[in-house]
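The values are calculated or read from the model by the stated rules, or taken from the named source; none is laboratory data. It should be emphasised that the depicted structure is a prediction, and the values quoted were computed from it without experimental measurement. Please note: Cβ atoms are built from the backbone with ideal geometry, for glycine as well, and neighbour counts cover all protein chains shown. Side chains are part of the model used for accessible areas, which takes the heavy atoms of the whole protein and leaves out ligands, DNA and RNA. Shrake-Rupley method; radii C 1.70, N 1.55, O 1.52, S 1.80 Å.
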Amino acid sequence: MTSSMSRNDIILFAGFAAVVLLLPILATPFGAAYPDLLQRFMIFGIFAIGFNILFGLTGYLSFGHAAFFGVGSYAAMWSFKLLSLNAVPALLFALIVSGIFALAIGYVSLRRSGIYFSILTLAFAQMCYNLAYSVLTPITNGETGLRMAMSDPRYLDRMFFDAAPGMPVPSLFGMSLGGWNGFYFSAFFLLATFFLAMRISNSPFGLMLKGIKSNQNRMNYTGFNTRPYTLSAFVISGMLAGLAGALLVVTDPLAGAERMRWTASGEVVLMTILGGVGTLVGPVLGAWIIKYFENIFSSFNANVLNSFYSFLPDGVREVAVTISSKFVGEGWHLSLGLVFVLIVVFLPGGIMEGARRIAAWFGRMGNGSKRASEARAQPAE
Amino acid sequence: MFEVIFLQFLNGLDKGSAYALIALGLTIVFGTLGVVNFAHGALFMLGCFCAVAFRRLLTLETVTIDPEKLSPWGQPLQVREPLVQAWFGDFGAILVNYSVPLSLLLTVPVMLLVGVAMERGLIKFFYKRPHAEQILVTFGLAIVIGELVKAFFGPNPHPQPMPTDLRGAADIGAWLGMRAGVITYPLWRLIYFLFAVSIIGAVFAFLQFTTFGMVVRAGMADRETVGILGIDIDRRFTIMFGIAAVVAGMAGVMYTPLLPPNYTLGMDFLVISFVVVVVGGMGSLPGAVTAGFLLGILQSFASMTQVKAIFPGIDQIIIYLVAVVILLVRPRGLMGRRGVMEA
């Protein structure tokens, strides 16, 4: 753990940081350069990195990670309501609460592996979701979702100053967290998470986790008790999910039970697989791509399509519009599902593996020697 | 008190039947092909929509404008007449009335085709790959099927009327010699239960008493040896996948009058059905059926007001709670074989 970072790591981190911080400029040509969307890029990036620490490193496929995301949201919201409008205590509180949840659920679920683990996590997440909708309504406000109100006590704030007039909004020591401030606030946490993930995957702890993934029995036979390692990975990953959930509340002050549904758990699985399981950059990339297309594709409608196909003759255009309208707008999940199936079938390593293969192919094209492709097979990240 | 308990027991039967049928198909697929099929709920949902589509076909209608009569709004009256009724008269009306059970005729070939196509087209590439990847690819497939259905039928639920003759309630109490009117049970739910029992019976009989079934059982026990004996076991397993799809589809068709289907229905049932399979024991057909009925009935008991007064919210989580307990204390499930997926 004490070894300093290698040169490659520093380059990778610097490159990643540069991309993230320059995203407002880089995303402009794609029409994505507005704080709301970019903030979601950051938040789901954190969620996916956290998920990848569990699934990518240990191979345990959790189908209930949205539970921690939702718990983090609710915890942050309650901190806003009871303690302070400051985002720092909210995030801390969310980390602690989701960590406790992850510890409890992980302790039980990790007693099984493989598909049983998936089903156990799914069962716990569904329990959280169902309870949030029914009995726990006093805490979660059920279907309406939890939001802030003027009349919230906010004891910590009240000790120092009087309530400001107007709707309460989350802040950071008095600085508003709307707009670009919110983006950079989330970006800071994404970078921190990325750094953490990088350190973990290079540490002896990370190696241990990878060992568990490739052969848990052998790890046990060599005398390691693997349980504490998997449990730590599970808790770290759950806490990061909670952090992401809390950040989402900072941006959009509404916590709803929908976020805990198994569909939300499925989404983070999709992101990680799409980008590349077990890689550092992959999950973030997957999260960005899914959020981007969710945003862009779902805004497509018949008019946009008509103008897009305007070069075609009338009859052909109608057919083209009818067919493609099934894949965009409301139906963009169809494209997502198809892409996902294709990725799992043909490219289990996700986009990162695709990039690697293309790079290797170009390497071969370049100097026609096999050595070049071997060298390229070890990418910079 | 006995009546209340008996009534809750009955109430659990219809849901339990659906769980049992879906879990049966899941277990067939897992037991034969060794594939964890997250798209099985989507097959159930596809069955539901076979019923919807069949009814749409039956109720295709001609619209003629009758200039002599006026509608209450002063426009010329539009006379709508379903084509089947125009062609077959009263018999056509009966056809429309019984569209749900009749759509089984459409469902069986369609689902068989879908199942076989799915297995040959996608699942067969995943026999040797880890369970996690099987889950992922079938999960993606479930999304695709759900979204395709949404593209064609829209996101809203499609209520399906049950045949008018079967709408009443059965006075089961009176049949059993109790006072009349104490235990009444909707007739369609009773039919659904009997339907499920006969399907389950048929599947078991098929596996138990036919040569084909014997070969399949042998293949489930030891695929390699059966293959070495010169039997094309892969083809038989493909057909079993088709049969599992048909069972799920038929379960869906008959369930439509009880719950209007929409495109998310599949996943909602799948999550529970997986829990059912795990509780029953992976790969155990009797286990899946027993656990299906058991959990359906348990859920029904948990939603009694008296129970909910003691444990608030228990009706929402009982199934998952049972699954967690079972997985922790008896990993191979109620009836799972020793050594099958126990890790």
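The table below lists the values:
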| quantity | calculated |
| --- | --- |
| Semi-axes of the equivalent ellipsoid for the stretch A:7-281, Cα gyration tensor, largest first, Å | 31, 24, 16 |
| Residue-averaged 222 nm ellipticity for chain A, from DSSP H runs of 4+ at -39500 (n - 2.57), nearest 500 | -23000 deg cm²/dmol |
| Fraction in percent of alpha-carbon pairs per bin - 20 Å, the protein assembly as shown | 15, 45, 32, 7, 0 |
| Cut-off under 5 Å, modelled amide H: who pairs with B:Leu77 long-range | B:Asp66, B:Lys69, B:Leu70, B:Ser71 |
| q = 0.15, 0.23 Å⁻¹: log10 I(q)/I(0) that the Debye formula gives for the stretch A:213-320, counting C-alpha atoms only | -0.88, -1.28 |
| Within chain B, longest stretch clear of exposed trypsin sites (Lys or Arg not before Pro) (DSSP loop, no more than 16 other Cβ within 10 Å) | B:180-336 |
| Residue-wise HN-Hα coupling along the stretch B:119-133, computed from phi with Karplus coefficients 6.51, -1.76, 1.60 (Hz; x: Gly, Pro) | 5, 5, x, 9, 5, 5, 7, 10, 4, 8, 8, x, 4, 4, 6 |
| Chain B - Debye-derived log10 I(q)/I(0), Cα point model, q = 0.06, 0.14 Å⁻¹ | -0.25, -1.17 |
| Share of alpha-carbon pairs per 10 Å distance bin for the stretch A:142-203, given as whole % | 16, 31, 29, 17, 6 |
| Helical contribution to [θ] at 222 nm, DSSP H n ≥ 4, -39,500 (n - 2.57), averaged over chain B, rounded to 500 | -22500 deg cm²/dmol |
| Computed label-point distance, nm, for sites A:Val88 and A:Arg7 using a 7 Å Cα→Cβ extension | 3.9 nm |
| Vicinal HN-Hα couplings computed from phi for the stretch A:102-114 (Karplus, 6.51 cos²θ - 1.76 cosθ + 1.60; Hz; Gly/Pro x) | 5, 4, 5, 5, x, 4, 6, 5, 6, 6, 10, 10, x |
| Amide H contacts of B:Ala170 (H built 1.01 Å from N, under 5 Å, at least 5 apart or other chain) | B:Tyr185, B:Leu187 |
| Residue-by-residue Karplus 3J(HN,Hα) for the stretch A:194-204, coefficients 6.51, -1.76, 1.60, Hz, glycine and proline x | 4, 4, 4, 4, 5, 5, 4, 6, 8, 7, x |
| Calculated diffusion of the stretch B:201-291, Stokes-Einstein form, Kirkwood radius summed over Cα pairs, 10 °C and 1.306 mPa s, µm²/s | 106 µm²/s |
| Hypothetical label at A:Leu347: residues of the stretch B:117-139 whose amide nitrogen lies under 11 Å (7 Å Cα-Cβ projection) | none |
| Relative compactness, the stretch A:24-94, computed as alpha-carbon Rg over 2.2 N^0.38 Å | 1.38 |
| Beta bridges by DSSP in the protein assembly as shown, antiparallel share as percent, to the nearest 5 | 95 percent |
| Average beta carbon contacts from partner chains per residue of B:304-314, 10 Å cutoff | 2 |
| Heavy atoms of B:Ile319: accessible area, 1.4 Å probe, square angstrom to 10 | 10 Å² |
| Alpha carbon convex hull of the stretch B:254-306, volume per residue in cubic angstrom | 104 Å³ |
| Ranked packing of A:280-287, A:69-76, B:294-301, B:106-113, most packed first, by mean Cβ within 10 Å | A:69-76, A:280-287, B:294-301, B:106-113 |
| Long-range amide H partners of A:Phe63 with built H, under 5 Å | A:Thr121, A:Leu122 |
| Violating pairs (Cα-Cα greater than 28 angstrom) within the set A:Lys291/B:Lys15; A:Lys291/B:Lys150; B:Lys69/B:Lys150; A:Lys213/B:Lys150; B:Lys15/B:Lys150 | A:Lys291/B:Lys15; B:Lys69/B:Lys150; A:Lys213/B:Lys150 |
| Which of B:Met162, B:Met118 is most accessible, then next, and so on - probe 1.4 Å | B:Met162, B:Met118 |
